[in-house]
Amino acid sequence: MIIYLIHTKRPDPNTNELPTRILIEGAPGIGKTVLAKEIAFCWANNTLLNNTNILFLLILRDPALQKVENTRQLIQYVSMGGLNDEEIQKCISQLNNIKLGFVFDGFDEYPSSLQKRSYIVSIINGEVFPNSIVVITSRPTATISLHNRVDRRIDILGFAKEEREEYISQSLDKEKKEELDKYLKQKPTINALCFIPLHLAVLLYLFQQGSLPETLTEMNEFFIIHTIYQHLKRHELTPSGVVDKLDKVPKPILDIVYNLAKLAFKGLQQNKLIFTLDEIEEACPNISNMLGAINGFGLLQAVQHYPQKGAGETTSFNFLHYTMQEYLAAQHVTILPDKEQVSLMEKTFWDSQFNFMWMMYVGIVGVKAENFVNFISQGKVYKNKNELRVVANDKRKRLHVFQCFMEAKSIADTPAVITSMFKDGKVTLVNLNLLPHHISSLTLFISTSSINWKILQLRGCQIGDIGMSVLEQFISEYTIPTLEYFDLSNNPSSPWGVYCTIIRYCSSNSLTLCGDDRMKEHVSEIIKCLKCCSKLYSLTIGGTISWDEFIKCYNTNHNKVTLPHDDITGEKTVEGLKMNTTLQRLNIIGSKLCDDHVAVNIINYLNSNCTIQELNLSNSGITSKEAKQIADVIIVNTTLLKFNISHNKIFDEGALAISDGIKNNNSLQELNISSNNITSKGAKQIADAIIVNTTLLKFNISCNKIFDEGALD
């Protein structure tokens, strides 16, 4: 399991304080509850939070916990009402004098009204037990209000690629695994879901049963059907045969399922996940009378507990998983009256709490269903100009609608206002929270459209290892022949696996990859990929890197490299250049080259049998001293065609030296010495040299101090 730190406040160097408020985020089914229990288990075994005297593991979906309003009631809750007033008061006194820890599991399952102000929130804020350590787990959709309250945010990213492979290998024989691998390569949406442990377990079960879903909606529907039929078999209620659609399930069973769907929807509206036996029986009046139906034919899991000491055991129920509840809620919406469906869309379609429900609703009814068409045609997406402005300017809304169309497998029907995020061959999804299913839908859209994709902008989109793995596999299966620019910078996970795959399979001849400081760790991988690439003509990589080995190994079939200004060293860089026999264009822009004698070394390199035709040393701190050496090189060099030393400090003395080089050079075609503090004196020397030179075609001496006198010369 990959756990990635995505944010942390800077610690106070004077106190060496450790974080006391930690938020753990993750997609549905990723393992947040398991991790919360693991934290409690480790504490009990003295392997974690050793300085904490008491640790409370509190499940926020529990209705009884949601009623707790003070410390007295909290003690009554955890002790199941087994303490008298004197004992409770003693506990309160003790709790205020010891180190406490709280693990709150499922903040997204806590009622939205309580997320703003409640006793639990006062503990999170440090208003109660200010010295305690608090860990919170939640889906990302419910945590915006917590971001400024926590010291650290951690993202659970699911299975690593190797872990997923191991899990599949342990579940399937070699032949079946190859069959599943082939299927996943063809279905990027499902492939992305399978980095989530729960979804992978469900898929493997369905795969072994012969069902192969293509969307999250189908995965939930198939799983519900198979769960029902497996449950019936266990109770020796042998069905006539497994069906492939929920509405084909026998009517007595389907009636109960639809009643449970109504309860699921009601629970979703109230942010409620746990239901009492009375609520189940009220929603499904015949459930107690039908054999094997008390737990909804396996769709519900029962939890036994003792709410009060000596009060006897009670049972509550919740759906096998939250996504199943969301799917059943979507099923319920589909059978509501038309006006009620549209009214619900107007109220909740943009509410993040209902995102997955509406995605699966559209997955069930299709994008051409009358009620959905009515909704989008009434101005909620693209018909009404005023509403168009709202949606068009809100990429998160457009992304949600885009995902709905992908879930319904209706790529060709997606409205233009939604696909305007993908306009003129450009994908621009900057600073959005892209979950794995968004990435998989994007790759599906790219691979099935006829657009010539040139630019992919996914900077700062909170893409984790799962999303990067989906992109990497997509690139390996579907090469984008027209790609020119790809920006994956400022994401939690390093993009270099994706970038190496792009370089390895690149079919374009010019490519720019935007990165960050982490690229330093991946030079060797990039070099290996470059050796395999035969078509790439020009490669520009942003970020910082140690370029010595890069230049040395940037060999055959590559003739241009652009270096950023950081981490360029002197002699070693030139040693790398000397190893290269094909390099034709070299850009080293913005470095203080003279500080590390890089300029001198490169100039000496140009004096040898190099292949450089274009050299850019703009804004590199070059003075008149280096300019004199440059002049000596220009005289003897026969390969250099374009030379740029603009924005340096060569002054008139350097201009005089350069003019001698120009007079005697027989190959240079373009020279740029703009912005070099050259006066009319230096301009006159340059002018005299240009008259003699027979090859120079372009000359730039702008932004100097030549005035009228120099211009006349």
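Which one of these is under 25 Å from residue 435 (Cα atoms), modelled with pLDDT of 70 or more and basic (Lys, Arg): 347, 368?
347
Every residue, every condition in (1) over 27 Å from residue 154 (Cβ atoms); (2) not in a helix (DSSP H, G or I), yes or no:
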| position | (1), (2) |
| --- | --- |
| 452 | yes, yes |
| 462 | no, yes |
| 468 | no, no |
| 472 | no, no |
| 482 | yes, yes |
| 486 | yes, yes |
| 492 | no, yes |
| 501 | yes, no |
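Exactly one condition in (1) touching a residue at least 60 places away in the same chain (Cβ under 8 Å); (2) of a type outside the set (D, E, K, R); (3) exposed (fewer than 15 other Cβ atoms within 10 Å of the Cβ) is false for residue 97; which is it?
(1)
Quick one: residue 83 ticks every box in (1) more than 19 Å from residue 37 (Cα to Cα); (2) in contact with a Leu (Cβ under 7 Å, 6 or more places away or on another chain) bar one, so which box is it?
Exception for residue 83: condition (2).
Find the residue count for region 110-140, including only residues that are of a type outside the set (Val, Ile, Thr), within 20 Å of residue 40 (Cα to Cα) and not in a loop (DSSP other than H, G, I, E, B).
Here the count works out to 1.
Of all the residues that make up region 133-170, how many are under 18 Å from the mean Cα position of the chain (by Cα), surrounded by fewer than 16 Cβ atoms within 10 Å (Cβ to Cβ) and either of a type in the set (Asp, Glu) or within 30 Å of residue 205 (Cα to Cα) (or both)?
Adding up the residues that qualify gives 1.
I need the full set of residues from region 647-665 which are surrounded by fewer than 23 Cβ atoms within 10 Å (Cβ to Cβ) and closer than 15 Å to residue 618 by Cα, in order please.
Of everything in region 647-665, those that are surrounded by fewer than 23 Cβ atoms within 10 Å (Cβ to Cβ) and closer than 15 Å to residue 618 by Cα turn out to be 647, 649, 651.
I need the full set of residues from region 666-681 which are crowded, with 24+ Cβ neighbours inside 10 Å and out of contact with any Lys or Arg (no Cβ under 9 Å at 6 or more places or on another chain), in order please.
The answer is 673, and nothing else.
Which of the numbered conditions does residue 409 fail, given that it passes all the others? Conditions: (1) farther than 24 Å from residue 339 by Cβ; (2) outside any helix (DSSP H, G or I); (3) modelled with pLDDT under 70.
(3)
Here are some residues: 165, 175, 214. Which one is touching a residue at least 60 places away in the same chain (Cβ under 8 Å) and of a type outside the set (Gly, Ala, Ser)?
Residue meeting the stated conditions: 214.
Quick one: which residue in 499, 478, 485 is surrounded by 20 or more Cβ atoms within 10 Å (Cβ to Cβ), among the aromatic types (Phe, Trp, Tyr) and not assigned by TED's automatic domain parsing to the domain that holds residue 366?
When all the criteria are applied, what remains is 499.
From the residues in region 302-341 that are in a loop (DSSP other than H, G, I, E, B) and at pLDDT 75 or above, which one is farthest from residue 271 (Cα to Cα)?
Within region 302-341, the match that is farthest from residue 271 (Cα to Cα) is 337.
I'm told residue 461 meets every condition in (1) modelled with pLDDT of 85 or more; (2) more than 10 Å from the chain's Cα centre (by Cα) except one. Can you identify the failing condition by its number?
(2)
Can you tell me which residue within region 446-464, out of those that are in contact (Cβ under 8 Å) with a residue 40 or more places away in the chain and buried (at least 16 other Cβ atoms within 10 Å of the Cβ), is nearest to residue 497 (Cα to Cα)?
Here the residue is 464.
For region 31-50, what are the residues that are farther than 20 Å from residue 20 by Cβ and among the hydroxyl-bearing types (Ser, Thr, Tyr)?
33
Please work out which residue is surrounded by the most Cβ atoms within 10 Å (Cβ to Cβ), limiting yourself to region 68-94 and to residues that are among the aliphatic types (A, V, I, L, M) and under 15 Å from residue 119 (Cβ atoms).
Within region 68-94, the match that is surrounded by the most Cβ atoms within 10 Å (Cβ to Cβ) is 74.
The values are calculated or read from the model by the stated rules, or taken from the named source; none is laboratory data. For clarity, every value in this text was computed on a predicted model and none was experimentally measured. Using ideal geometry, Cβ is built from the backbone for each residue, glycine included, and neighbour counts are taken over all protein chains shown.
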